[in-house]
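The structure under discussion appears below in the form of structure tokens.
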Amino acid sequence: MINVALPKGRLADKTLKLMTEAGILENVTDAGRKLVFEDEKSGVCYFLVKPWDVPVYVERGIADVGVAGKDVLLENAPDVYELMDLKTGKCRMCVCAENGYRDEPSKRLRVATKFVNCSKSYYASVGREIEVIKLNGSIELAPLLNMSDVIVDLVETGTTLKENDMGVITVISEISARLIANKASYRFKRAEIDRLTSKLGDVINA
Ligand code: PRP
């Protein structure tokens, strides 16, 4: 059996569809509240976890492989192999602000974000002093209520920004879902993992 950690939420449908198309999973039905699924025929056991937790399961070897957003990998830098760009779940990590926002470069910038490490390293790279305000969601609210000057957040369709009269100032990074592997599993279950990546590659590059 190969153990696979898959993300719940936004990426779930896309990931399960990809796995099914690649013939890695069969009979994927509405997940409901069940969390662990065994596919005897293909020898895959998969479980659904919060997107931020996928690398935790993979790093600890509970899952041999997993699907994680590049955003989570950049933020937490887990000790895993990044095997493949799955080319789904595409979005961009951006600095955004209210339309009409004027930066005052001499002032310390207040940045609201889920991505504390990414924000710090981006602003360090451009030599700007910041105060990070860590939030867990609805980040766009922070500048609207004048808690922050800008946000560092993911932009997919741009709808959230548009509906809140905000826009992108800078793109920090292109984001997509990645297949990651536990380092020991990659040595000891190499054949199974290679089979999996080759099936996924066939679908992605079709
Ligand atoms: C994400 C992200 C933005 C939004 C961008 O939030 O943080 O708020 O999606 O998507 P869009 O460009 O297609 O509008 P999510 O919906 O995951 O919820 P959250 O606010 O709780 O983080």
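A few remarks follow.
- Members of 134/162; 8/107; 41/90; 14/162; 34/162 lying beyond 29 Å, as alpha-carbon distances in this model show: 8/107; 41/90; 34/162
- Projected area averaged over orientations for the stretch 17-58, convex hull of C-alpha atoms, nm²: 3.4
- Sites residue 107 and residue 138 - FRET efficiency at Förster radius 22 Å, r taken between beta-carbons, to 0.05: 0.35
- Within the chain: Cβ-based charge dipole about Cα centre, in debye rounded to nearest 20 (Lys, Arg +1; Asp, Glu -1): 300
- In angstrom, the C-alpha Rg and Dmax of the stretch 101-206 are 19.1, 55.
- Angle between the chain longest axis and helix 10-21 axis [Cα atoms, degrees, rounded to 10]: 30
- Helix 116-125 axis, angle to the chain major axis (alpha carbon atoms, nearest 10°): 60
- Whether the stretch 106-167 is rounded, prolate or oblate, judged on the alpha carbon gyration tensor where a/c under 1.5 counts as rounded: prolate
- Neighbour-count order for 28, 111, fewest beta carbons within 10 angstrom listed first: 28, 111
- Each residue of the stretch 72-83 is assigned a 3J(HN,Hα), and the resulting list reads 5, 5, 5, 6, 9, 6, x, 8, 9, 8, 9, 8 Hz, derived from the Karplus form 6.51 cos²θ - 1.76 cosθ + 1.60 (θ = phi - 60°), x at Gly and Pro.
- Computed over the stretch 149-201, the ratio Rg/Rh where both radii use C-alpha atoms and Rh is Kirkwood: 1.27
- Listed by chain and number, the aspartates and glutamates placed with their C-alpha closer than 20 angstrom to that of residue 70 are 13, 53, 59, 79, 82, 85, 153, 156, 174; residues fewer than eight positions away on the same chain are left out.
- Counted by neighbouring Cβ atoms within 10 Å, the residues 119, 138 run from fewest to most as 138, 119.
- Computed from backbone phi with θ = phi - 60° and the Karplus coefficients 6.51, -1.76 and 1.60, the 3J(HN,Hα) list for the stretch 59-65 is 4, 7, x, 5, 10, 6, 9 Hz; x is used for glycine and proline.
- Computed Kirkwood radius, in angstrom, where 1/r is averaged over Cα pairs of the chain: 18.3
- Range in the chain, longest, excluding exposed trypsin sites (Lys or Arg not before Pro) [loop by DSSP; at most 12 other beta-carbon atoms within 10 Å]: 109-206
- For the pair the stretch 21-55 / the stretch 115-188, the C-alpha centres are spaced 28 Å from each other.
- Of the GluC sites (Glu not before Pro) in the stretch 142-176, those whose Cβ has at most 13 other Cβ within 10 Å and which sit in DSSP loop: 156
- Computing FRET efficiency as 1/(1 + (r/R0)^6) for residue 99 and residue 12, where r is the C-beta to C-beta distance and R0 is 30 Å, gives about 0.35.
- Counting 0.36 nm for each residue step from residue 206 to residue 194 and taking away their Cα separation leaves a gain of 2.5 nm.
- GluC sites (Glu not before Pro) lying in DSSP loop within the stretch 94-145, provided at most 11 other Cβ fall within 10 Å: 129
- Its residue count N sets the reference 2.2 N^0.38 Å, and the alpha-carbon radius of gyration of the stretch 1-92 equals 1.02 times that reference.
- The modelled label-to-label distance between residue 170 and residue 36, using points 7 Å beyond Cα along the C-beta direction, is 4.5 nm.
- The chain, relative contact order in percent, only Cα pairs under 8 angstrom and at least six apart counted: 29
Read-outs: derived from the displayed coordinates by stated rules, not from any lab. These figures come from a predicted structure and were not determined experimentally. All Cβ positions, even for glycine, are placed from backbone atoms using ideal geometry, and neighbour counts span all protein chains on display.
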